[in-house]
Each structure stands twice: as C-alpha cells, then as structure tokens.
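The values are calculated or read from the model by the stated rules, or taken from the named source; none is laboratory data. Owing to the predicted nature of the structure, the values given are computational and were not obtained by experimental measurement. Neighbour counts are summed over all protein chains in view; Cβ atoms, including those assigned to glycine, are modelled from backbone coordinates with ideal geometry. Remember, those area values only see protein heavy atoms, side chains included, never the ligands or the DNA or RNA. Shrake-Rupley method; radii C 1.70, N 1.55, O 1.52, S 1.80 Å.
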Amino acid sequence: MSWLFGYSRPQMPPADEPPADSGDSGSTAPPVNLTKAEKRAMEAYRFDSSALERAAQAAKELERSKHAKEALEISKLQEITRQQEQMAKIKEYEAAIEQSKVEQKKVDYEERRKTLQEETKQHQMRAQYQDQLAKKRYEEQLMQQQKSQDEILRKQEESVAKQEALRRATIEHEMELREKNKLKAIEAEARAKAKADRENRDITLEQIRLKAAENRTTILESIKTAGSVIGTGLNALVTDWDKTLAAAGGLSLLALGVYTAKGATSVTARFIEARIGKPTLVNETSRFSLLEAIKHPILTVSKAVASFRKPSDALAGVVLAPTLEKRLRDIAIATKNTRLNKGFYRNLLMYGPPGTGKTLFSKKLAKHSGMDYAILTGGDVAPMGKDAVAAIHKVFDWANTSRKGVLLFIDEADAFLRKRSSERISEDLRAALNAFLYRTSDQSSRIMLVLASNTPQQFDSAINDRLDKMIEFGLPGYEERERLIRLYFDKFVLQPASEGKRRLSVDQFDYGALCAKLAARTAGMSGRALSKLGVAWQAAAYASDDGRLTEQMCIEICDDAVADHRQKMEWLSEEEKSRSMRPYLLDLPPLDVGSETGKVTVTEIPNTNEEATSQTKQVKDKTVPKKSSKDIEKEK
C-alpha cells in the first residue's frame, strides 16, 4: 500500500522558482532572495500535501471498485511474501554466519596444526643441530687424538730418521775412507805402470810398427789376388759367350732343382701319409698301412688273411633287441648294396648309454659291407688347438683315397660338434667344427659317416642336418641280458675249461638256469658291464685253491657287480641323469641286505625299450652267506 501514500514515487527536486498558486491558502511563497543551500535546507522541512490528497482519492476509488477486497488480499500476500523473503534472508544470513564460524574454526585448526608442525620441525632441526654439534665435537676429539698420535709417530719417525741418518753418515764415511784408500792404491799402481811404460816406450812402438806393416801387406796381397781372379773370370765371361751361357743355365737349373725338390718332397710326404701311413686323429683302422705292418707284422698278416674270407653277418656276436636288430640288418644290407652299386652312403647317428654295442656294430657293418673302417675320438680334436683343422682335412683326404670306401666312425662326437649358439667353445674348436661341416656338406660315395654319442642333444643344428638316420641303442632287456650272459659265460669260462690248457674248471650245475637267474638280477646293466662279469668269473676261478668255479661264486660276483653298478648310478650328477641317462636309467630299488642272513632281493622294472606287455619280474630270494676274512684274502 506504499504506492497509495506516495512512498515509492521518487521525490522530484524542487524547482528554482516557486510553483503557481493553486488556491491553497495555507501555502506561502518562499523568499526570493534565498541561496541554493538555504533553499535545499528549507525543502527538507516542507510537507507535500498533494500526496495525501491523491492517496485519499485513490482510497475512495478503491472502495468504490468491486476488486477492492482482492487488491487488499493481494497486497497482504505481497507483504507476507516480502516478510518470508526477509525471514529467508535472515536465515541465510544466520547460516552464513554459522558457516563463517565453522570456516573460522577450520582456519584456526589449520593454523594450530601448522603451528604444531612448525614446532615439531623446529624441534627436529634443533635435535639435528645438536646431533651435528655432538658429531662435530666427537670428530674434533678424534681429530685431536689423531693429531696427537700423528705427532707421536712423527717424533718417532724423526728419531728413527736421525738414527738412520747417523748410521748412513757413518757408512758413507767408511766408504769414503775405503774409496780414498782404493784411489791411492790405484794412483800408485798407475804411476808405477806409467813409469814402466815410459821406460819400455821404444820397444812398444817398434812392436806396433811391425804388426801394422804385416797387416798392411796381407790386406794388399788379398785385394790384388781377389781383383786378379774376378778380373780374369769377368774377362773370360765377356770374351767367351759359351761360358756365359753355361753359367746362366747352371744357375737356372739350380733354382729349378731347388723348387722342384721342395714341391716333390711335399707331394711325396702327402702321398706317403695317405697311402702308407694314417692320420694322427685315426686311432684304429682296418685299412692296410705299411708303417703299421712294419710295427705289427703278425697282426697285419692276420687281418690280411681275414680280409680274404667271406664277409660275415653284420650282427654276428652282437646281441640286441629284436626290433633294433631288424633295423640294423636293413641298414647293413642297404650299405652293402650301396657299395656294390657305387651309390651315395647315408650318414648315421648312434646314440644311447655307453657299452651298448655302437662301436662293435660299426666294425661289423664295415666288414659285412666290404669297406674299411676308421675309428676317431671326438676328445682328440680339442687338444690339437689350431692344428685341428688341418688334421680333419687330412682325415677326409686320406679316406677319399680308399678304393673300398671308408666307414668313418667318430666316437663321443659331441666333444667337438657342440652347439655354437648356446655352448661356449673356443675359436679353435669352432674352426674345427666349420672344417668338419665343410667336408660333410655333400653326400659321398667314398665315405660313410657314423657318429656315436651319449648326449645327442648337444649336437649343433648343422650336424643334425647332415644325419640321414638316427638309431637308439638302449640298455638290454631281460632276454638280451640272458643271451649276453650265456655268450660271455661260454667265452670266458666254458671254452677255456674245455680246452684244458689253463688252470680252470667248472663245477657241475645247470648253466642255463644260472644264466636266467643272473639275467633277472642284472637289470639296468649294459653289455659291457655284463662282459666284465665273464672276466670276473674267470679271475675268481684262477684265485681259488683248486681253480674251480662254483654256482655260488657266480652269484656272489654278480651281486657285487649289481651293487657296484647301482652305486655308480647314484654317483651321477643331476645334470647327467637329466640330459644323458634319464631315458635309460631304471628306477631300481636298493639292495635289501639283511644283517644276519645276508638276503638279497632284486626287482626289475620293465625297460622302456621293451614291449608294454612285459611284466615286473621278481627273483626268488637267494641266501648269501657272510664272507670270512680268509675268503676275502683268497679273492684278493
């Protein structure tokens, strides 16, 4: 309702001249001579009555209007709205005040926290400073102690130096006295010698003159003689062209003879080495060699006689698994036909544990095919150093001169044919490997390469690329061991006993049953280990009182060999077991030896090379009596 009374209408400033008289008797005109400031002061106390009149007139019009009540309600609502807005503003103001209080508290807390941090930092800095002061004091104390010790050492060194200087001065003084005495003695001797030279001066000068005259005469005569000879020769050459041509031809023939002799000597040496001797790397060969015939004539004659016989079977005397024998027989037939038809030989790799017949079959294969064999060892290449390359070339050159063809068997080939990428090998060994790869890059119709190794995974990839066939020689199974034991029992025991030439006899027992029993006991042993059993049986018979071999002695020797074999297997390192022998090792239980009865139980786990149908075979317990000290001495 403020607009009714003119509150909201802006007041207009009064004009400089008074308004016209509107008929209001109560209004008076202001004096004309007032200043502007006085007029403004007077205007502040002036009351505008026209506003009241207008308000009254508006109220009357509003009362007469039919919307009077609505306008009044609207004005009331507007007033209430304004009051609520004012209350909201008051509450917002109060909330702002509370918020400012909270912010102030936060600021106070933050300031207090910063103050505490600063105090803590100051305390830490003070503690560090005190610690540094303490360290400095301690270091100064140490420095003082060090200085005092250095001073003491310096004084001691000075005293020692003074004593040493005195000693040196004394020695120098003694040396000076000795030197003076020597100089005096030398001076006296020189004076005496000079006096004698002065007295003998005429004689000495005369001797010098005579020697100089003789030397002069000799030199002049030599020059005259040489000049006359050279002049005569040159004169003869210049005047006689036949002699000149003869001299030039003689010198040319001499030079030609020197170079020809040198070349012929080298060619002859290579021919002799290739035809008569054998290379250094070759340890054993069936090829005829004149030098070997001179050294071992009887052995050479026996080899020559054997060469005229009909070639024997490649597997004669070799006991292997049936599947392996079939593969090797096919290889032997193919090799023999390759030689007869002058074809290209295939390179072989034989791998497996030691003592399984790789070298023996290679020799048999060469004899069956009508070829010469040469056996090398890979371990001989590395010690040769820089000469290994030339030695390898000599071996292949020597093998290429054979008319029959050569089976080149390299045992333990992994010793110098190792991987170049992962193995650390020397430059000499790397050069030898490269030379070997160069000589075996193509198939040959004269050389058949056979490599043997216990660890074929160590071969270089280029070597594997040159191999045409790989053959695994595993440990013998039960049937193969029985055949091997029968073979060696007959060779080392029965045949010498039947000849009657040696002090050896065999007790009466079932040999076949014994061989079967021993075959079950020797699970995991190689053919070489079984051959040593035959030698041990023969030695035990020789060591006995009556030279008789009994069944009990055979079993005891076999049990000792089995125990030794298992001990050797336990001594293998983890790397050897995992890399080379893991596929061939049998997980055999340890020997169960009782304290009183000495009972031995041996159990065989089937070999992986045998068929899956073979079952675990158990051998009956055999009671082995304890050995007395006398028996042990007899065996020794």
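For the pair residue 149 and residue 74, label points projected 7 Å from Cα toward Cβ lie 10.8 nm apart. Computing FRET efficiency as 1/(1 + (r/R0)^6) for residue 283 and residue 235, where r is the C-beta to C-beta distance and R0 is 56 Å, gives about 0.25. The stretch between residue 185 and residue 50 holds 32.5 nm of extra length on full extension. This uses 0.36 nm per residue minus the Cα-Cα distance. Pairs of lysine residues in segment 49-135 that meet both criteria, 8 or more places apart or on different chains and Cα atoms under 24 Å apart, total 16. Put a dot 7 Å past the Cα of residue 170, heading toward its Cβ, do the same for residue 114, and the two dots end up 8.3 nm apart.
Rounded to the nearest 5, the antiparallel percentage of DSSP beta bridges internal to segment 282-472 is 15%. At a probe radius of 1.4 angstrom, the accessible area of segment 186-268 per residue rounds to 88 square angstrom.
Expressed per residue, the C-alpha convex hull volume of segment 462-572 stands at 140 Å³.
About the Cα centre, and with charges only on the beta carbon of Lys, Arg (+1) and Asp, Glu (-1), how big is the dipole of segment 394-449? Nearest 20 debye, please.
180 debye
A protection proxy built from the mean count of other Cβ atoms within 10 Å ranks the segments 385-397, 404-416, 50-62, most packed first, as 404-416, 385-397, 50-62. If a spin label sat at a point 7 angstrom from the Cα of residue 94 along the line to its beta carbon, the backbone N atoms of segment 62-85 nearer than 19 Å would be those of 81-85.
Calculate the dipole size of segment 282-472 relative to its Cα centre from +1 charges on Lys and Arg beta carbons and -1 charges on Asp and Glu beta carbons; express the result in debye to the nearest 20.
Dipole about the Cα centre, nearest 20: 780 debye.
Here the extension length gained between residue 200 and residue 141 equals 12.8 nm, from 0.36 nm per residue of separation less the Cα-Cα distance.
Here the scattering of segment 282-472 is modelled by Debye summation over its C-alpha atoms, one equal scatterer each and no solvent; at q = 0.08, 0.10, 0.12 Å⁻¹ the log10 of I(q)/I(0) is -0.26, -0.41, -0.59.
Rg and Dmax of segment 481-529, based on Cα coordinates, read 11.8, 35 Å.
Over 18 Å apart at the Cα level, from the set 336/469; 363/404; 336/363; 532/568; 326/491, are 326/491.
When the Cα positions of 128, 144, 104 are compared along the charge dipole of segment 42-167, 144 comes out farthest toward the positive end, with charges on each C-beta of Lys, Arg, Asp and Glu. With both labels modelled 7 Å from their Cα along Cα-to-Cβ, the residue 341 to residue 400 distance reads 2.5 nm.
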